[in-house]
Amino acid sequence: MIVARELSKRYGDLLAVDHVSFEIGKGEVVGFLGPNGAGKTTTMRMLTGFLPATDGTAIIGGHDIFSDPINARRAIGYLPETPPLYPEMDVDGYLRHVAGLKDVKRRDRRAAVDQALERCSLTDVRRKIIGTLSLGYRQRVGLAQAIVHDPPVLILDEPTRGLDPVQIREIRRLIVDLVSPSRGDNQRSVILSTHILEEVEAICQRVVLIKDGRKTVDAPLSEVTADGKTLGDLFARVTSSHGHEGVDPVTEEGSS
Ligand SMILES: Nc1ncnc2c1ncn2[C@@H]1O[C@H](COP(=O)(O)OP(=O)(O)OP(=O)(O)O)[C@@H](O)[C@H]1O
Ligand SMILES: [Mg+2]
């Protein structure tokens, strides 16, 4: 569903993303990890077509993000690092606006917005002006705009940032439910970046870790945490090592 193929991004002298490839299948939630500045946001912005790649491409739901952007983007729900909210609109109006932009048919928009509001626990604040909401509520609105058109692919840049513990749990439950729906809807694919390793352990099946723009780990969580190892240990080891030395062989090119 999500294929990154040798994605690279150069900013002047800095190769912020260096030939990163991975594949994420239906029903998979992948945790995208890496220290600050590793290139996670840059990679996600290329996956969604918001940022042109210096090299490589991404295929989303079978559509090339750069040569077939309309179809590829239709398949994507994207929560950017800084969600594109209109502070002067109310929550409901904003989500109806986004649903329109995402080609949700006019007659289906009300139901689509209601479902997104409910899923993100926003129904009570639907008439509030976005600019007056707290950080956590704005983050929920960001999530709601990502899912309002019911996309098969979710690309979430730190989805639980700024949320309170109860809401963190609800959003994690929502992500799991979207991927393995109980009602027989289509399965989805999710890549989410986070600095909360516990979040990865709670909801991800696989871990992709980048450092200095390069993929250094791509492995099932079960492998990474086998024999009493912890994700924290792996993260510390990989992010403190230089280049590709010291990387555990099991972590090279995991299953996909
Ligand atoms: N527009 C830009 N121009 C120049 N350099 C940039 C630009 N955007 C990002 N960078 C650089 O690219 C690198 C990767 O940044 P990126 O935001 O992708 O990291 P990240 O993994 O998302 O980090 P964080 O965990 O802090 O969110 C950093 O060194 C950053 O300074
Ligand atoms: Mg980032």
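Sorting the segments 199-207, 119-127 by their mean number of nearby beta carbons within 10 angstrom, highest to lowest, gives 199-207, 119-127. Summary of packing: across the peptides 164-171, 233-240, the per-residue average of other C-beta atoms within 10 Å ranks them, highest first, as 233-240, 164-171. Of the Cα atoms belonging to the stretch 82-150, the radius of gyration and Dmax stand at 10.6, 31 Å.
Of the residues Leu101, Ala144, Leu117, the one whose Cα sits farthest toward the positive end of the charge dipole of the stretch 82-150, with +1 on the Cβ of Lys and Arg and -1 on the Cβ of Asp and Glu, is Leu101. Counting only Cβ charges, +1 for Lys and Arg and -1 for Asp and Glu, the dipole size of the chain around its Cα centre is about 1140 debye. Modelled spin labels at Ala236 and Ile70, positioned 7 Å past Cα toward Cβ, are 5.2 nm from each other. Between Val166 and Phe50, what is the FRET efficiency for a Förster distance of 25 Å, r being their Cβ-Cβ separation, to the nearest 0.05? The calculated FRET efficiency here is 0.20.
A full extension of the chain between Glu81 and Ala111 corresponds to an added length of 8.1 nm, given 0.36 nm per residue minus the alpha carbon distance. When only alpha carbons are used to place a centre, the stretch 16-59 and the stretch 120-142 end up 28 Å from one another. Taking only the C-alpha atoms of the chain, Rg followed by Dmax gives 18.0, 56 Å.
The label point for Gln187 and the one for His19, both projected 7 Å from the Cα toward the Cβ, are 3.1 nm apart.
Remark on Gly61: its backbone amide H falls under 5 Å from those of Ile2, Val3, a criterion applied only to residues 5 or more positions apart or on other chains, H modelled at 1.01 Å from N. Annotated for the chain: lysine pairs at least 8 residues apart or interchain, Cα distance under 18 Å, count 5. Taking θ as phi - 60° and the Karplus parameters 6.51, -1.76 and 1.60, the scalar couplings of the stretch 213-220 work out to x, 10, 6, 10, 9, 8, 8, x Hz in sequence order, x denoting glycine and proline.
Backbone geometry of the stretch 132-144 corresponds, through the Karplus equation with coefficients 6.51, -1.76 and 1.60 at θ = phi - 60°, to 3J(HN,Hα) couplings of 9, 7, 6, 3, x, 5, 5, 5, 5, 5, x, 5, 4 Hz, x marking Gly and Pro. If you take the square roots of the eigenvalues of the alpha-carbon gyration tensor of the stretch 31-97 and sort them as a ≥ b ≥ c, do you get rounded (a/c under 1.5), prolate (a/b over b/c) or oblate? Oblate.
How long is the gain from Lys128 to Val176 if the chain were fully straight, where each residue apart is worth 0.36 nm and the alpha carbon distance is subtracted?
Full extension from Lys128 to Val176 adds 14.5 nm.
Dividing the summed helix terms, -39500 (n - 2.57) for each DSSP H run of n ≥ 4, by the number of residues in the chain produces a 222 nm estimate of -10000 deg cm²/dmol to the nearest 500.
Using C-alpha pairs below 8 Å separated by at least 6 residues, the relative contact order for the stretch 82-150 is 47 percent.
Coordinate-derived values only; no laboratory data. No experiment lies behind these values; they were computed from the predicted model shown. Positions of Cβ are backbone-derived with ideal geometry, glycine not excepted, and every protein chain shown enters the neighbour counts.
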